[in-house]
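K.L.:
Below is a structure I'd like to ask you about.
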Amino acid sequence: MKKLTFVLMCLSFLGVFFFSCSNQEGKKPENLPSDSLKTAVVNSLSNYAASLTTTNIDTSMIFSLLKTYLDENKVVYGSAFALAPVIRGKDTCRCSPYLYRTPQGYSSKYLEKSYDYTKDDWYSKPVSLKKGVWSEPYFDKGGGDIWMITYSIPLYTPDGSLTGVITADLEIKK
């Protein structure tokens with residue numbers, strides 16, 4: 001009887017383990033966006049980034065800028081403007097407004113409230129390479145909460161200082 005109870009407990013544990021591994025986050029999608037769609041996003045975000053380098057950006061206008069980009073690019077799921085961290089004494093200040101599509105319209109959030117975006121590839125790779133980069137597919141926990149790939153471009157001031165990274169997310173449908 002003890003063996004049977006032990007076996008049933010083990011099977012229950014394995015069932016829970018299997019179910020938790022098969023959730024949305026754990027299963028990598030296979031339907032990646034086409035190369036032509038990715039090329040269109042690279043071109044649209046590159047043009048948008050170029051227009052931002054000539055604009056004096058105030059943080060109060062970032063959501064409006066992101067909305068303009070998303071309005072003009074209906075295939076893009078979401079967009080962030082992740083500002084370069086600012087160090088003030090012992091504190092590091094981060095700010096990353098993010099705007100994304102929902103069935104009800106746009107939704108917004110500040111990514112720094114969910115996680116340290118500077119450690120994610122979509123931010124760190126374009127900064128270290130000093131050029132636009134596509135991410136690998138990932139589940140955007142704390143952002144749009146979907147599977148996506150992200151194209152990110154670092155933005156610099158005329159003197160070469162990093163302003164931040166602007167992104168375009170493409171949802172990966174299962």
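Derivation of every value follows stated rules applied to the coordinates shown; laboratory data play no part. Values in this document were obtained by computation on a predicted structure and should not be read as measured data.
K.L.:
List every residue whose amide H lies under 5 Å from the amide H of Tyr115, counting only residues 5 or more places away in sequence or on a different chain, with H placed 1.01 Å from N in the peptide plane.
P.N.:
Counting only residues 5 or more places away or on other chains, the set is empty.
K.L.:
If each residue of separation counts as 0.36 nm, what is the full-extension length gain between Asn47 and Ser124 once their alpha-carbon separation is subtracted?
P.N.:
Full extension from Asn47 to Ser124 adds 25.6 nm.
K.L.:
On a C-alpha basis, how far is the centre of the stretch 122-144 from the centre of the stretch 33-103 in Å? Whole number, if you could?
P.N.:
Going from one Cα centre to the other spans 12 Å.
K.L.:
Does the stretch 31-171 come out rounded, prolate or oblate, given a ≥ b ≥ c as the square roots of the eigenvalues of its C-alpha gyration tensor, rounded meaning a/c under 1.5 and, failing that, prolate meaning a/b above b/c?
P.N.:
Here the stretch 31-171 falls in the rounded category.
K.L.:
Output the pairs from Lys141/Lys174; Lys125/Lys173; Lys90/Lys125; Lys113/Lys141; Lys67/Lys130; Lys119/Lys141 with a Cα-Cα distance over 20 Å in this structure; if there are none, say none. Intermediate values should be presented prior to the final figure.
P.N.:
Working: Lys141/Lys174 17 Å; Lys125/Lys173 24 Å; Lys90/Lys125 25 Å; Lys113/Lys141 12 Å; Lys67/Lys130 25 Å; Lys119/Lys141 14 Å.
Exceeds cut-off: Lys125/Lys173; Lys90/Lys125; Lys67/Lys130.
K.L.:
OK, next. Quick one: 3J(HN,Hα) in Hz for the stretch 37-45, Karplus 6.51/-1.76/1.60 with θ = phi - 60°, rounded, Gly and Pro as x.
P.N.:
Here the 3J(HN,Hα) series is 5, 4, 5, 4, 5, 4, 5, 5, 6 Hz.
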